[in-house]
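The values are calculated or read from the model by the stated rules, or taken from the named source; none is laboratory data. Bear in mind the structure is a predicted one, so any value in this text is a computation, not a measurement. Cβ atoms come from the backbone with ideal geometry, glycine included; neighbour counts cover every protein chain shown.
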Amino acid sequence: MEFKAVIFYVFATVLIGAALRVITARNPVHAVLFLVLAFFNAAGIWMLLQAEFLAIALVMVYVGAVMVLFLFVVMMLDVNLERLRQGFWSYLPLGGMLGLLMAGEMALVLGGSYFGVENFPGQDVAAEASNTKDLARLLFTKYAWPFEIASVILLVGIIGAVMLTLRKRGDTKAVNPLDQIKVKRNDRVRMVSMHSESDAPAAPQTDLTAPKGE
Amino acid sequence: MMDAVLAMILPAAQALLGPLFPLVWALVKIVLIIAPLMLCVAYLTFWERKVIGWMQVRIGPNRVGPWGLLQPIADGIKLFLKEIIFPTVADKPLFVIAPILALAPALAAWAVVPFSQGWVLADIDAGVLYLVAITSMGVYGIIIAGWASNSKYAFLGSMRAAAQMVSYEVSMGLALITVLMVSGSLNLTTIVNGQAKGLFADFGVGFLSWNWLPLLPMFGVYLISGIAETNRAPFDVVEGESEIVAGHMVEYSGMAFALFFLGEYAGMILVSTMTSIFFLGGWLSPVGFLPDGFYWLAIKIATVLFLFLWIRATFPRFRYDQIMRLGWKVFVPITLAWILVIGVWMMSPLTIWK
């Protein structure tokens, strides 16, 4: 067996194992961590296909950012497992059908040789081509408009999420850091010019009207 | 000379090892990178204690060995001999994996770092992407450690780490986009070589042709974000010993604790190296009459590391909401504006990157 095939089977085995554990793990934090492992192995398989940009982008975006926030949320929530498992059997038929549909669609693509998919024109890629550069060229020339529209939709999503969760509460004492940074010394401290204090001289016997501290 | 020795040894080794040769050769190169790195990490802890000691008019460690030079070794042996205590309700497997996850990305990232012309383990085209992806994994060690310890302080530390590190990755990545724009490549060697060309380099003052000058705001943003990304003072709210004891590390002892320490210092060296390569010309000589070479990179890394220590000894810790404000409301707008400036500059007739 070729060395590349060995690597592929290692990645694929771990990927499937991790993916199974995502749905069977009892602890939601473990499930999220298995999902991270699954992403990582998927990236490895993409790397074998020489799609290095997609592989690294998967690690960067999903493993490095999205799953961290996922973990953040799952750790913060006190998930009640009993309630999560309620109604498992009543949802099973619908879930099972969706699963079968997805598996069937994948079989159509993966089992391409049975359905003549190989008759579609293949991509001729030069051995030395950098697919990051090629992808960028396509994204910013041929597909510039779809790309921009997709990014605007994402931006709308971000702003929408912020607006939905943003609420002004009257009962907090939090201060805007910007206001705090703008504070100058004169807002907080008033400098008073006064004579320095000194020890009073030995109590004068005669002149009690003389000013003190001179 | 080095090349001559290599040319002598390599064919013999190739004949001896046969098909295993590429694997063994790669392992040898990995050891050649990791072993000196670990030594640097050990002596960086020593240097930090010395420098901060001097800045605070103390002496610093000076008892173990001549001038205290054996102090890091003694520390290592001490930590190695200590017991690793598992909290009773800790998630044991994750508790063990967390320190490994904290250290591994800081080491794996070195695979694409070029030390001099051609001195690189893996000269890949997507080097910058690989670096960003791998360093973004470092946060898992901290989050998992905080959660698996089953302790409130540790958990607070890991929550802070998750938010802070993800936020500063954004500004770091955006700062790197300007570097990519002027270099036109994701390959680290090409990025360094791109800085060797320019008007000032032709006059023999090459250090003015490096990226730090045209990208000065980005240089600042990258450096400060790097400090925040490695959770160093003044951004060390993750540890925050005055508020949450030691954050994610509070339940760790012995070698498990030491791994977090190694990870933090290896991360510092990595960020300094990245700053040197992206903005300070890597192994290029600052002036025309001196030859380029690895020692220039070493000097630059050491300078940036000293800056880290200096900053730690100088500034008080930021408050958490101010850290978030700095990342999102100051750095992100600055980087976005500078990307636009560089874009317009590159397209204008005044461009210096042709």
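Going by the conditions given, is B:Phe95 at pLDDT 85 or above, more than 25 Å from B:Ser185 (Cα to Cα) and among the aromatic types (Phe, Trp, Tyr)? Yes; evaluated as a whole, the condition is true for this residue. In the condition set (1) farther than 20 Å from B:Asn231 by Cβ; (2) touching a residue at least 24 places away in the same chain (Cβ under 8 Å), B:Met137 is compliant with all but (1). Here B:Ala196 does not fit the description of being among the aliphatic types (A, V, I, L, M) and either over 18 Å from B:Ser276 (Cα atoms) or crowded, with 22+ Cβ neighbours inside 10 Å (or both).
Of all residues in region B:114-128, those that are closer than 24 Å to A:Asp134 by Cα and within 11 Å of another protein chain (Cβ to nearest Cβ) have Cβ atoms under 9 Å from Cβ atoms of residues that are surrounded by 16 or more Cβ atoms within 10 Å (Cβ to Cβ) and acidic (Asp, Glu), 6 or more apart or on another chain, in B:Ile124/A:Glu52; B:Asp125/A:Glu52; B:Ala126/A:Glu52. Scanning region B:130-158 for residues that are at the interface with chain A (Cβ under 7 Å from one of its Cβ atoms) and under 22 Å from the mean Cα position of the chain (by Cα) turns up B:Tyr130, B:Val132, B:Ala133, B:Ser136, B:Met137, B:Val139, B:Ile143.
Yes or no, residue by residue, for (1) small (Gly, Ala, Ser); (2) without any contact (Cβ under 8 Å) to a residue 12 or more places away in the chain; (3) closer than 26 Å to B:Tyr43 by Cβ:
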residue	(1), (2), (3)
B:Arg232	no, no, yes
B:Asp236	no, no, yes
B:Gly247	yes, no, yes
B:Glu251	no, no, no
B:Leu262	no, no, yes
B:Phe289	no, no, no
B:Asp292	no, no, yes
B:Leu297	no, no, yes
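Scanning region B:117-149 for residues that are of a type in the set (Gly, Ala, Ser), outside any helix (DSSP H, G or I) and in contact with a Gly (Cβ under 8 Å, 6 or more places away or on another chain) gives a single hit, B:Ser136. Within region B:255-273, the set of residues being aromatic (Phe, Trp, Tyr) and either in contact with a Lys or Arg (Cβ under 8 Å, 6 or more places away or on another chain) or closer than 24 Å to B:Tyr130 by Cβ (or both) comprises B:Phe260, B:Tyr265. Residue check: is B:Ala175 crowded, with 16+ Cβ neighbours inside 10 Å, aliphatic (A, V, I, L, M) and at pLDDT below 85? Taking the combined requirement at face value, the residue does not satisfy it. The set of residues from region A:168-186 being more than 14 Å from every other protein chain (Cβ to nearest Cβ), closer than 24 Å to B:Leu326 by Cβ and modelled with pLDDT of 80 or more comprises A:Lys184, A:Arg185.
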